[in-house]
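Asker: One structure is given below, represented as structure tokens, and several questions about it will come after.
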Amino acid sequence: MTSFTDLQISSEIIKAMSAMGWVEPTPVQIESIPVGLKGADMYAQAQTGTGKTGAYGTIMLERIKPKMPSPSALVLVPTRELANQVAEELTKLAKFTGHDCLPIYGGVGIEPQIAKLRRGIDIVIATPGRAKDLINRGEMDLSKVSVVVLDEADRMLDMGFIRDINFILAKVPKKRQTLLFSATMSSEIREMAMRQMVNPKEVLVSKDEPVLDLTKQYYMVVQKEEKRDALYTVLDMYEPKAIVFCHTKHKADQVSKKLQRHNYLAGAIHGDVAQNKREKVLKGFKDGSIRILVATDVAARGLDIDSVDYVINFDAPSDPDTYVHRIGRTGRAGKEGAAISFFLPEERREVRGLERRTGKRIEQLDIDIVHKEEPEVKKLDEVRIAIQASVNQPYAAKRTRSHGNVASIEINLGGADKIGKGEIVRMIKNDTGLASRDIGKITMGDRYTFVEVFKKDAEKVIMSLCNQFYGSKVVKARIV
Ligand code: AMP
């Protein structure tokens with residue numbers, strides 16, 4: 001395992017890295033720092049979240065002297081957000097080296113930026129437009145710059161900054177080190193690298209390496225019987241779009257059902273979930289009608305779903321690689337995310353291994369677990385009795401109420417769910433073996449539909465409907 005010390009990084013920077021909670025270098029850092037410290041030009045394919053800022057930041061801080069009268073390093077970035085983000089990270093990294101960093105971008109007053117530049121800045125992190133403006137005003141002297149970074153070079157090209165970049169780089173001495181980072185490597189980017197660099201080295205990092213950057217990691221030590229309450233507490237507190245991971249199919253089912261009973265918008269996917277139901281659940285998760293996906297590791301592999309706010313490990317992952325895969329579901333595409341893992345007291349020591357694997361600290365989340373009473377659930381027998389009772393004692397006839405040998409079943413679907421009577425018939429026939437002639441009058445309202453069936457079939461119909469989804473809605477049915 002490579003450490004920061006193995007990479008010949010000075011103790012001031014390592015100290016700052018530890019203060020930031022970094023335990024070991026990321027693959028981009030391992031590959032690029034040694035090349036950069038030798039002074040070579042280099043281009044690397046690395047997206048946000050790979051630790052690229054730390055990589056080029058370290059190279060710059062090692063190679064330029066602090067407290068110089070004019071900038072020694074320049075980082076060009078496409079957006080003001082990135083300028084701020086990079087400046088923040090470099091300032092933290094330079095905590096013990098004493099380099100001054102300044103973000104510079106348009107859309108805000110130029111005067112404060114000029115004032116700061118005049119006082120002396122070592123590293124300027126700029127968007128191309130504002131940098132050009134400052135150069136034209138004679139307020140930014142780049143003649144002492146010895147390291148240039150082009151960050152998110154592909155985005156800068158997309159945004160049409162190529163001419164500004166060429167203009168700016170013409171103001172920087174030819175004898176300099178140039179580092180280029182880009183999430184994608186097109187021929188255009190390679191061309192730019194060749195034009196702006198001397199004999200550049202290409203740094204390759206495995207694309208499969210999951211990106212952990214923006215994911216905050218937490219753990220909670222919980223007793224087995226507290227797990228469900230811990231889950232409800234976390235969900236109530238943060239109201240996230242979340243994936244909840246369970247060890248087994250059975251557990252995933254159980255957890256999902258409990259969540260539904262507590263009125264959380266939950267759905268389960270695992271190997272035993274039929275394809276059509278699985279598709280419905282995933283569609284629901286995409287369109288937001290399901291907010292909590294309860295999954296097993298196998299089922300979650302290869303799922304095409306966007307970043308979620310939270311990954312909750314209801315059951316601790318079996319090994320560090322599984323952990324990395326699971327939490328890779330959050331904190332993607334520049335969005336922040338969090339992973340919370342529940343550990344039983346006897347599993348607690350596994351946290352260290354996960355920290356080692358991800359190179360990040362996992363903080364203990366200290367929240368009070370709120371106990372939730374289980375909602376009263378009627379057991380199958382009780383449902384039967386209730387059905388029997390309502391069949392035997394029909395309500396005073398209103399609209400379509402049970403009468404004679406006919407029972408009326410209320411279903412929680414109606415016009416508002418964009419369902420038609422034909423679909424209702426199809427759903428009833430599903431699993432029950434009933435034929436169309438066994439199904440009587442159908443009265444459809446906006447939110448409810450009443451269907452007449454023979455009393456002898458009522459229980460079967462209700463049982464079958466209650467196991468179904470319509471879209472992502474859990475179907476509910478009862479006799480009236
Ligand atoms: P970047 O790819 O530069 O946008 O970095 C993304 C995030 O990863 C930032 O929050 C960094 O602070 C963090 N980071 C960078 N290097 C490391 C490391 N070696 N260990 C842990 N976190 C890191």
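Asker: Could you name the lysines in cross-link range of LYS52, using Cα to Cα under 19 Å and dropping any fewer than eight places away on the same chain?
Answerer: Within reach: LYS15, LYS38, LYS92, LYS95, LYS201, LYS207, LYS216, LYS335, LYS360.
Asker: With +1 on the Cβ of every Lys and Arg and -1 on the Cβ of every Asp and Glu, and nothing else charged, how large is the dipole of segment 215-364 about its Cα centre, in debye rounded to the nearest 20? Each step should come with its number before you reach the end.
Answerer: On the way: 28 positive and 22 negative charges, 42 e Å.
In debye, rounded to 20, segment 215-364 gives about 200.
Asker: Give me a comma-separated list of calculated 3J(HN,Hα) values for segment 57-64, in order, Karplus coefficients 6.51, -1.76, 1.60 applied at θ = phi - 60°, integers in Hz, x for any Gly or Pro.
Answerer: In residue order, the calculated couplings are x, 4, 4, 4, 4, 6, 9, 10 Hz.
Asker: Name the residue from GLY21, ALA193, THR233 whose Cα lies farthest towards the positive end of the charge dipole of the chain, charges +1 on Cβ of Lys and Arg and -1 on Cβ of Asp and Glu.
Answerer: Most positive-ward Cα: THR233.
Asker: Given the peptides 118-124, 3-9, arrange them by the average over their residues of other C-beta atoms within 10 Å, most packed first.
Answerer: Packing order, densest peptide first, comes out as 118-124, 3-9.
Asker: In terms of the Cα gyration tensor, with a ≥ b ≥ c the square roots of its eigenvalues, is segment 1-91 rounded because a/c is under 1.5, prolate because a/b exceeds b/c, or oblate?
Answerer: It is rounded, given that a/c, with a ≥ b ≥ c, falls under 1.5.
Asker: Report the normalised scattering of segment 215-364 as log10 I(q)/I(0) at q = 0.11 Å⁻¹, calculated by the Debye formula with identical scatterers on the alpha carbons.
Answerer: Ignoring solvent entirely, the Cα scatterers give -0.37.
Asker: Still on this model: As a test, work out the antiparallel percent of DSSP beta bridges whose residues both lie in the chain, rounded to the nearest 5.
Answerer: Among the beta bridges of the chain, antiparallel pairing accounts for roughly 25 percent.
Asker: While we're here: For ILE125, list long-range residues whose amide hydrogen, built 1.01 Å from N in the peptide plane, is under 5 Å from its own amide hydrogen.
Answerer: Placed amide hydrogens put VAL75, LEU102, ILE104 under 5 Å from ILE125.
Asker: Now for a separate question. If I model a spin label as a point 7 Å beyond the Cα along the Cα-Cβ vector, how far apart are those points for LYS476 and LYS95 in nm?
Answerer: The two pseudo-label positions are separated by 5.2 nm.
Asker: Given 0.36 nm per residue, what is the gain on full extension from ASN430 to ASP158 after removing their alpha carbon distance, in nm?
Answerer: On the way: separation 272, 0.36 × 272 = 97.92 nm, distance 5.25 nm.
Extra length from ASN430 to ASP158 when fully extended: 92.7 nm.
Asker: Let me spell out the model: positive unit charges on the Cβ of Lys and Arg, negative unit charges on the Cβ of Asp and Glu, origin at the Cα centre of the chain. What dipole size does that give, in debye rounded to 20?
Answerer: Result for the chain is approximately 980 debye, rounded to the nearest 20.
Asker: Still on this structure: Semi-axes of the equivalent ellipsoid of the chain: what are they in whole Å, largest first, if each equals the square root of 5 times a C-alpha gyration tensor eigenvalue?
Answerer: 60, 25, 18
Asker: So between LYS460 and THR2, what do we pick up on full extension, going 0.36 nm a residue minus the alpha carbon distance?
Answerer: Answer, rounded to one decimal: 158.6 nm.
Asker: Assuming R0 = 22 Å, what is the FRET efficiency of LYS283 and GLU239, from their Cβ-Cβ distance, to the nearest 0.05?
Answerer: 0.55
Asker: State to the nearest 20 debye the size of the charge dipole of segment 180-286 about its Cα centre, where the only charges are +1 on K and R beta carbons and -1 on D and E beta carbons.
Answerer: Using Cβ point charges on Lys, Arg, Asp and Glu, segment 180-286 gives about 500 debye.
Asker: Could you work out how much longer the chain between GLU346 and LYS418 gets when fully extended? Use 0.36 nm per residue separation minus the Cα distance between them, nm to one decimal.
Answerer: Once the chain is fully extended between GLU346 and LYS418, it gains 20.9 nm.
Readers should treat all values here as calculations from the given coordinates under stated rules, not as data from a laboratory. What you are looking at is a predicted structure, and each value in this text was computed from that prediction instead of being measured. Backbone-built Cβ (ideal geometry, glycine too); neighbour counts: all protein chains shown.
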